[in-house]
Each structure stands twice: as structure tokens, then as C-alpha cells.
Amino acid sequence: MNETSSVPACIGIIMDGNRRWAKERGLQSLEGHAEGRKRAKEIVRHAFSRGVGTVVLYAFSTENWNRTPEEVNYLMELFGKVMMEDFLELSREGIHVRFIGDLARLPEKLRISAKKLEDESAKTSAGKTLVVALSYGGRAEIVAAANALLEEEATIADEDALARNLWSYPMPDPDLVIRTGGEKRLSGFLPWQTVYSELFFVDTFWPDFAKEELDAILAEFAQRERRRGK
């Protein structure tokens, strides 16, 4: 039997195109990130209003640490503001905010803010979850899970054993993944969890990605048949 569902339980979003958006407008690349910040809160809210239970945002990859010190420092400061303002605001609306990734690489102040926000938002959660992939790499996540099993002196008997040690656990696998910005690859985004995700690649740069475009993707998703290899 084909699996059908009109609304995805979990969606992943690769927010790409901030710097190219700024370049097209003759702006500094950092201004593109600031504009992308505004879009994130709007799209997250809209996704939840459409019945989505979990939204995963790919905010910063392990490879992004290789960008210029100026850009990395700016992004770390921006994430701090987003946590204390945007994500805190969302948490007060009953949204549980989680962070996944190699968080040990983040500045200490940012790690403390992330942990506090996670703990506080869990207390008031209304069944909606925002997962922020920060300093995240899919291969690094799988290696970390395998090492966790080794430390437990366990053997990998099945997929569930490894999955329980992933940073994302117990997040549901994304039913669909959206990447903005025109690139057609996942760039290390949740490789374990996206094996049966429906993929949508759009040319729109992230700062221009509108609620109407998300609605169109959700409508197309509702028409797809998901066999999961059956």
C-alpha cells in the first residue's frame, strides 16, 4: 500500500542563497544573512500554522567554519541575537527549540544560551518543535553516534541502535526537504534521516522565499505517492 499524507509531520529546510541575494543587490554578504534571519521566523511560523509538527533549519554546517573569520564571527553574533530574540519569541508560542550539531565548537556564551533555551522551551511545548542544525555535519553526526556506541561497549545490532545515538534523536525523519538558492544537493544535511524524504529544490534565494512558495510545495507533497521502496 502506498503511504500518503496530506501534511508532512517533519520538514527540513536548507536555507541557501543569502550571500548571492545580497550580491545581486550590491550589498555586503553579511546583509544577506540579516535578511535571511527575518525570513526564517516567518516561514517557521507559517509551517506550523499549516499543521507541520517539526521544522528543521540547516543554519550552519561544519564546513561553514572554513569561511572568513569576519563572516564566522558575524554569524555567531547573529545566532546569539536570534536565540535571545526570535527563538525566545517562538518558544513563548509553545514551540520547543532544539539544537543539533557539534555544539562544542560554538562560543561558550552561545552554548549556554542554546542549552537554556532548549530546557526552558521544553517546559512550555505545545507539541511543535523547531530543530536548528548548528555546526552540523551529517557524516560527523554518524561518526559521533558510532563512537557513542563504542564507549558503551555496545555492538551495532541494527539501525535503531545507531539512530538512538544520533544528535537528532528522537526527531522524526523529514518527510520532505526544501533547498532554496538553486543548488541541487543536500550538502551533508541529515544523510541518515533523509533516505526517504521528498526533495524540493527551488531557485529562489532564501531571503525571497515566501509563504506562498511553501504552500505550493506542501500542495505538491500532498499529491506524491511515497512507497519507501515497496
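Here's a check for you: in the stretch 156-202, which residue that is among the basic types (K, R) and modelled with pLDDT of 95 or more is nearest to the chain's Cα centre (by Cα)?
Within the stretch 156-202, the match that is nearest to the chain's Cα centre (by Cα) is R179.
Quick check: anything in the stretch 109-130 of a type in the set (S, T, N, Q), touching a Lys or Arg at 6+ places or on another chain (Cβ under 8 Å) and in a loop (DSSP other than H, G, I, E, B)?
yes
Inspect all residues belonging to the stretch 168-186 and state whether any of them is surrounded by 15 or more Cβ atoms within 10 Å (Cβ to Cβ), among the small types (G, A, S), more than 21 Å from R98 (Cα to Cα) and in contact with a helix residue (DSSP H, G or I) (Cβ under 9 Å, 6 or more places away or on another chain).
The answer is yes; a qualifying residue exists.
Inside the stretch 133-148, can you point out the residues that are among the hydrophobic types (A, V, I, L, M, F, W, C) and crowded, with 22+ Cβ neighbours inside 10 Å?
Answer for the stretch 133-148, where residues must be among the hydrophobic types (A, V, I, L, M, F, W, C) and crowded, with 22+ Cβ neighbours inside 10 Å: A133, L134.
Among (1) surrounded by 15 or more Cβ atoms within 10 Å (Cβ to Cβ); (2) touching a residue at least 40 places away in the same chain (Cβ under 8 Å), where does A163 come up short?
(2)
In the set A22, A59, which member is under 23 Å from G181 (Cα atoms), aliphatic (A, V, I, L, M), crowded, with 17+ Cβ neighbours inside 10 Å and more than 15 Å from the chain's Cα centre (by Cα)?
A22
State the number of residues belonging to the stretch 195-229 that are of a type in the set (S, T, N, Q) and closer than 29 Å to E24 by Cβ.
Result for the stretch 195-229: 1.
Could you grab me the full set of residues in the stretch 83-103 that are over 22 Å from Y169 (Cβ atoms), surrounded by 14 or more Cβ atoms within 10 Å (Cβ to Cβ) and among the charged types (D, E, K, R)?
Matches in the stretch 83-103: D86 only.
Kindly establish whether G80 is surrounded by fewer than 17 Cβ atoms within 10 Å (Cβ to Cβ) and part of a loop (DSSP other than H, G, I, E, B).
No, not satisfied.
What's the number of the condition E118 fails, among (1) modelled with pLDDT of 95 or more; (2) surrounded by fewer than 12 Cβ atoms within 10 Å (Cβ to Cβ); (3) under 30 Å from A210 (Cβ atoms)?
So E118 meets the others, but not (2).
Collect the residues in the stretch 7-61 that are within 18 Å of D86 (Cβ to Cβ), of a type in the set (S, T, N, Q) and part of a strand (DSSP E or B), keeping them in residue-number order.
Correct list: T54 only.
Where residues in the stretch 104-114 are in contact with a strand residue (DSSP E or B) (Cβ under 8 Å, 6 or more places away or on another chain) and not small (G, A, S), which of them is surrounded by the fewest Cβ atoms within 10 Å (Cβ to Cβ)?
R105
If you take the residues of the stretch 25-55 that are in contact with a Ser or Thr (Cβ under 8 Å, 6 or more places away or on another chain) and crowded, with 20+ Cβ neighbours inside 10 Å, which of them is farthest from P172 (Cα to Cα)?
V55
Tell me the residue from T124, T129 that is modelled with pLDDT of 95 or more, closer than 17 Å to T54 by Cβ and among the β-branched types (V, I, T), please.
Going through T124, T129 in turn, just one is modelled with pLDDT of 95 or more, closer than 17 Å to T54 by Cβ and among the β-branched types (V, I, T): T129.
The values are calculated or read from the model by the stated rules, or taken from the named source; none is laboratory data. In this text, all values refer to a predicted model and were calculated from it rather than measured experimentally. Methodologically, a virtual Cβ is constructed for each residue, glycine included, from the backbone with ideal geometry; neighbour enumeration extends over all protein chains shown.
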